[in-house]
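The structure appears right after this line, and notes come after that.
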Amino acid sequence: MVQRVRVRYAKRGPLRFTSHRDFARAFERALRRAGVPIAYSQGFTPHPKISYASAAPTGVASEAEYLELGLQAPMLPAELVKALDEVLSPGLDVLDAVVAEGGNLPDRIEASRWRVELPQVEPAALAAAVAAFAAAEEISVERLTKQGKRILDIRPAVIKITSVPPVAAPSEVTDVPCAILECVVRQVTPSVRPDDVLSGLRVVAGLAPPVPPRATRLAQGQLTAQGEIVDPLAADRAGRPTDRVG
């Protein structure tokens, strides 16, 4: 391995239902088709040197997914973006790439910013529920895990939560009211997901969307004292100031 490249990609539209395992398979095929000189591990079953950072849950769209590639020959990031975007399915879109300049990519991802569209929910009802959520010191929700049901206090992980007016027609939503929730959630173990936040709104205010919501991860990165999110690739861009994306 002579070069490490960090990549930002998006999952959009119907491709949000692609599981992480299926995406990994599709991405490995795309690397081969694009002729990317990926490096492989040693041993009897070599694997391509790809590491993923905090993949979004299945069914959730994202504009900010990250991975790191180990290459056995140098490649310009712009050429890598172009080559991969030409062979990946529409909806799995490579947005950016940088040469890794050191550090550990997962260590730069402390929080995510989410937008959740809630069709058939009045904005005023969401605003009231958000106020109740923000005022609560503890919010316990139930989650079904492989080990059975588990109770989680999600309140400490939610750094910011707001109800925002739609500035454009939400995706695939027309002729019905649609409230929009935005929140910044710290990466914790176990992770707190958008559906956990919605469960919390139901607990504190009885808010229960009548139709499935649409969640999109807008950003991931380091968390500032003001609750903003810093681009995890910014430190790799030589000579450029840190870019805020949150």
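The values are calculated or read from the model by the stated rules, or taken from the named source; none is laboratory data. Note that the coordinates shown come from a computational prediction; the quantities given were computed from them, not determined experimentally. With ideal geometry, Cβ positions are generated from the backbone for all residues, glycine too; neighbour counts draw on all protein chains shown. Calculation scope for accessible area: heavy atoms of the full protein, side chains included, ligands and nucleic acids excluded. Shrake-Rupley method; radii C 1.70, N 1.55, O 1.52, S 1.80 Å.
Once log10 I(q)/I(0) by the Debye sum over Cα atoms at q = 0.10, 0.13, 0.16 Å⁻¹ is calculated for the structure shown, the corresponding label among [x] -0.54, -0.87, -1.20; [y] -0.41, -0.73, -1.18; [z] -0.63, -0.90, -1.15 turns out to be [x]. 3J(HN,Hα) along the range 93-103: 10, 7, 9, 7, 8, 9, 6, 5, 10, x, x Hz, from the Karplus curve 6.51 cos²θ - 1.76 cosθ + 1.60 with θ = phi - 60°, whole Hz, x for Gly and Pro. In this rough spin-label picture, where each label sits 7 Å from Cα along the Cβ direction, the LYS160-ASP107 distance is 2.6 nm.
If R0 is 25 Å, the Cβ-Cβ spacing of ILE50 and PHE17 corresponds to a FRET efficiency of close to 0.70.
Here the Karplus curve 6.51 cos²θ - 1.76 cosθ + 1.60, taken at θ = phi - 60°, turns the phi angles of the range 3-15 into couplings of 8, 10, 10, 9, 10, 10, 9, 10, 10, 10, x, x, 5 Hz, with x standing for Gly and Pro. Sorting the segments 178-189, 42-53 by their residues' average number of neighbouring beta-carbon atoms within 10 angstrom, most packed first, yields 178-189, 42-53. Each label was represented as a point 7 Å from its Cα along the Cα-to-Cβ direction; for GLU137 and ASP85 these points are 5.0 nm apart. Taken about its Cα centre, the range 93-236 carries a charge dipole of about 540 debye when Lys and Arg each add +1 at the Cβ and Asp and Glu each add -1 at the Cβ. Just name one of PHE133, PRO46, ALA61: the one whose Cα is farthest towards the positive end of the charge dipole of the range 22-175 (beta-carbon charges, Lys/Arg +1, Asp/Glu -1). Of the candidates, PRO46 comes out farthest on the positive side. For the chain, the per residue solvent-accessible surface stands at 51 Å², with DNA, RNA and ligands left out and a 1.4 Å probe.
With +1 on each Lys and Arg Cβ and -1 on each Asp and Glu Cβ, how big is the dipole of the chain about its Cα centre, in debye rounded to the nearest 20?
That gives a dipole near 620 debye.
Sites listed here are GluC sites (Glu not before Pro) in the range 69-115 whose DSSP assignment is loop and whose Cβ has at most 16 other Cβ atoms within 10 Å: GLU101. Dipole check for the range 82-127: with +1 at the C-beta of Lys and Arg, -1 at the C-beta of Asp and Glu, and the Cα centre as origin, the magnitude is about 80 Debye.
Ignoring ligands, DNA and RNA, what percent of the 1.4 Å accessible area of the chain is carbon and sulfur? Of the solvent-accessible surface of the chain, carbon and sulfur hold 51 percent.
Search the structure for amide H atoms under 5 Å from the amide H of GLN72, placed 1.01 Å from N in the peptide plane, and list their residues when 5 or more places away or on another chain. Those qualifying (amide H under 5 Å, at least 5 residues apart or on another chain) are VAL2, ILE38, ALA39.
The angle separating the long axis of helix 123-135 from the principal Cα axis of greatest extent in the chain is about 80 degrees.
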